[in-house]
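Since every read-out is calculated from the coordinates, none of them should be taken as a lab result. These figures come from a predicted structure and were not determined experimentally. Positions of Cβ are generated from backbone atoms using ideal geometry, with glycine treated the same way; all protein chains shown enter the neighbour counts.
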Amino acid sequence: MRRQRAPWLLLLPGLLAIAFLVLPMLGLLAQAPWGSFGTLLNDPVTRDALRISAISSLCATAICVVFGTPLAWLLARNALPGTRFIRALVVVPLLLPPVVAGVSLLTAFGRRGFAGEFLYDTFGFQFPFTTAGVVLAETFVAMPFLIITVEAGFRGLHKDYEESAATLGASPAQTFRYVTLPLVGPALLSGIVLCWARAVGEFGATIGFAGNFPGVTQTMPLAIYSQLEIDRSLAVGLSVILLMVCLIVLVLLRRTYLRGDSSNT
């Protein structure tokens, strides 16, 4: 595809935006303690934080896919009464300050929350201050990213494909599985990436709802926050590790997404 020549009125602010986004990451890489990364990776606090971040973010992303994808379809097809109101509710977690999200989760799923009290009194189970609480917090803040992205994919899909499958005798479930999902695959993949990135970087709701306990609820962002007041170089090193993990995952997923378009580049 031929590259369009950009007018200077758009080029200059665009380049400034790139510089604004890139400079903080360059500063992080410039101050990284590269010589001590081996020791840093062998540190139990780092390993625990990486483990909890990986487990919780992947579990949260899986939950978002299982429950968020059907909701995205229902919203795209206006299959629920009050679809506009429901869509607005889906967006609310995006607008909530992280601390408010944590307090909201406590009022709902805390030991004395309207849902958490039942769970604790009936089953002796509680979400706060547990790894499950971390997963719940990350799911709450990340699911809207998946729903909005996938809903856009469903809305952009022509219904002719689904109607043709139904005409050929496919059930609604078969149509959704073998026709609809493959066609919205790129949107679903983009939603998964955005959802995971939001989950792995979650801080405010996690510390407000699940706490900051090493080996239990301390994710990488919480470990960075804890070390920032103790050892700034260690906090920078942990930040670089998290940055590299995110970049590697996003690059791998991006290559998979673009594999079918390689002939056009």
Quiz item: With each run of n ≥ 4 DSSP H residues scored as -39500 (n - 2.57), what mean residue ellipticity at 222 nm is computed for the chain after dividing by its residue count and rounding to the nearest 500 deg cm²/dmol?
Solution: -23500 deg cm²/dmol
Exercise. State the three equivalent ellipsoid semi-axes of the stretch 89-170, derived from the C-alpha gyration tensor as the square roots of 5 times its eigenvalues, in descending order and whole Å.
Key: 37, 18, 9
Quiz item: Taking a temperature of 10 °C and a viscosity of 1.306 mPa s, what whole-number D in µm²/s does Stokes-Einstein yield for the stretch 14-90 with Rh from Kirkwood over alpha carbon pairs?
Solution: 93 µm²/s
Quiz item: How long is the chain along each principal axis, judged by its Cα atoms, biggest number first, in Å?
Solution: 65, 63, 34
Practice problem: Net charge near T180: determine it from the other residues with C-beta under 15 Å of the C-beta of T180, scoring Lys and Arg +1 and Asp and Glu -1. | Solution: 0
Exercise. For the stretch 122-173, take the alpha-carbon Rg, divide it by the Kirkwood Rh, and send me Rg/Rh.
Key: 1.31
Quiz item: Going from the alpha-carbon gyration tensor of the stretch 23-147, what semi-axes, largest first and in whole Å, does one get by taking the root of 5 times each eigenvalue?
Solution: 33, 22, 14
Quiz item: For the stretch 176-181, what does the Karplus curve 6.51 cos²θ - 1.76 cosθ + 1.60, with θ = phi - 60°, yield as ³J(HN,Hα) per residue in whole Hz, taken in order and with x for Gly and Pro?
Solution: 5, 6, 9, 10, 5, 4
Practice problem: Determine ³J(HN,Hα), in whole Hz, for all residues of the stretch 136-144 in sequence, where each value follows from phi through the Karplus function 6.51 cos²θ - 1.76 cosθ + 1.60 and θ = phi - 60°; x replaces Gly and Pro. | Solution: 5, 5, 5, 5, 4, 8, 9, 4, x
Self-check item: Efficiency of FRET between F85 and V22 - r from beta-carbon atoms, R0 45 angstrom, step 0.05
Solution: 0.65
Exercise. Give the dimensionless ratio obtained when the Cα radius of gyration of the stretch 160-208 is divided by 2.2 N^0.38 Å.
Key: 1.76
Practice problem: Taking H placed 1.01 Å from N in the peptide plane, check which residues at least 5 places from A32 or on another chain put their amide H under 5 Å from its amide H. | Solution: none
Quiz prompt | Per residue convex hull volume, Cα atoms of the stretch 117-265, in Å³ | solution = 161 Å³
Self-check item: Hz values of 3J(HN,Hα) by residue in the stretch 153-166 - Karplus curve (6.51, -1.76, 1.60), Gly and Pro given as x
Solution: x, 5, 5, x, 8, 5, 6, 4, 5, 5, 5, 5, 5, 5
Quiz prompt | Charge sum, other residues only, whose C-beta stays under 10 Å from R111's C-beta, Lys/Arg counted +1 and Asp/Glu -1 | solution = -1
Exercise. Determine, from the Cβ-Cβ distance of V100 and A30 and an R0 of 41 Å, the FRET efficiency 1/(1 + (r/R0)^6), rounded to the nearest 0.05.
Key: 0.70
Quiz item: Near E162, within a Cβ-to-Cβ distance under 14 Å, what is the net charge of the other residues, with Lys and Arg +1 and Asp and Glu -1?
Solution: +2
